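Inspection log for the structure reproduced underneath, given as structure tokens.
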């Protein structure tokens, strides 16, 4: 992790240690929060020693074979570095709505004057849009305590930005966000979000990490004040 990010982590841990010493931590400590509100379909990464900051993530980035071709997109930086500090809550909307593994890939398609929809690449009548939106509405309440989200870039369900939008004839005509990602970002507009492809940029990475820790500190302060 870069020096800037390490400094953020050190500051956060120093704050935690100082507050524990003073005995001012709220009885509802984030590190001991119940996971009952977590969506039943999701899984939590418990590999690290202390999991206190929950971050949502596209499950394929953790190495889960959830992609349309039965493969994964495991990201070494996420699993090897960020997993030391974050408790990941992995989700795959396409699997959750029953598209299966493997499955026909979907893509974003927009007709003139209409909003893009997620439809089958080979079977245009396969329209997953409403199911993805319904899934986002269902899981959003259980994600109210996450402090960030890392989306899979380019995904018609999970892409944060830059997802190719096609015309009905197949030509690329625009770029936008995936259906699930857009719905979640609209539900939580202040939630720190990023894509794994952009975490390779030092400035974007530092900004994301800083915002996640700031969000966590704000949540802790809110809990303390309400206690």
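Readers should treat all values here as calculations from the given coordinates under stated rules, not as data from a laboratory. Predicted model, so just to flag it, every value in this text is computed and none were measured. So basically every Cβ, Gly included, is an ideal-geometry build from the backbone, and we count neighbours across all protein chains shown.
Taking the stretch 166-199 on its own, how many of its residues are assigned to a helix (DSSP H, G or I) and either in contact (Cβ under 8 Å) with a residue 12 or more places away in the chain or closer than 15 Å to residue 58 by Cα (or both)?
The qualifying residues number 12.
Any chance you could count how many residues in the stretch 200-227 are part of a loop (DSSP other than H, G, I, E, B) and touching a strand residue (DSSP E or B) at 6+ places or on another chain (Cβ under 9 Å)?
0
Scan the stretch 116-123 and tell me whether some residue there is assigned to a loop (DSSP other than H, G, I, E, B), in contact with a strand residue (DSSP E or B) (Cβ under 6 Å, 6 or more places away or on another chain), in contact (Cβ under 8 Å) with a residue 60 or more places away in the chain and closer than 18 Å to residue 163 by Cα.
Within the stretch 116-123, one or more residues are assigned to a loop (DSSP other than H, G, I, E, B), in contact with a strand residue (DSSP E or B) (Cβ under 6 Å, 6 or more places away or on another chain), in contact (Cβ under 8 Å) with a residue 60 or more places away in the chain and closer than 18 Å to residue 163 by Cα.
Given the conditions (1) surrounded by 12 or more Cβ atoms within 10 Å (Cβ to Cβ); (2) closer than 29 Å to residue 123 by Cα, which single one is not true for residue 211?
Only one criterion in (1) surrounded by 12 or more Cβ atoms within 10 Å (Cβ to Cβ); (2) closer than 29 Å to residue 123 by Cα is unmet by residue 211, namely (2).
Which members of the stretch 114-139 meet the condition of being loosely packed, with under 15 Cβ neighbours inside 10 Å and in contact with a helix residue (DSSP H, G or I) (Cβ under 8 Å, 6 or more places away or on another chain)?
Selection gives 137 alone.
Let's see how each residue does on (1) closer than 28 Å to residue 77 by Cβ; (2) surrounded by 19 or more Cβ atoms within 10 Å (Cβ to Cβ):
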site: 101; (1), (2): yes, no
site: 112; (1), (2): no, no
site: 141; (1), (2): no, no
site: 155; (1), (2): yes, yes
site: 162; (1), (2): yes, no
site: 187; (1), (2): yes, no
site: 204; (1), (2): yes, no
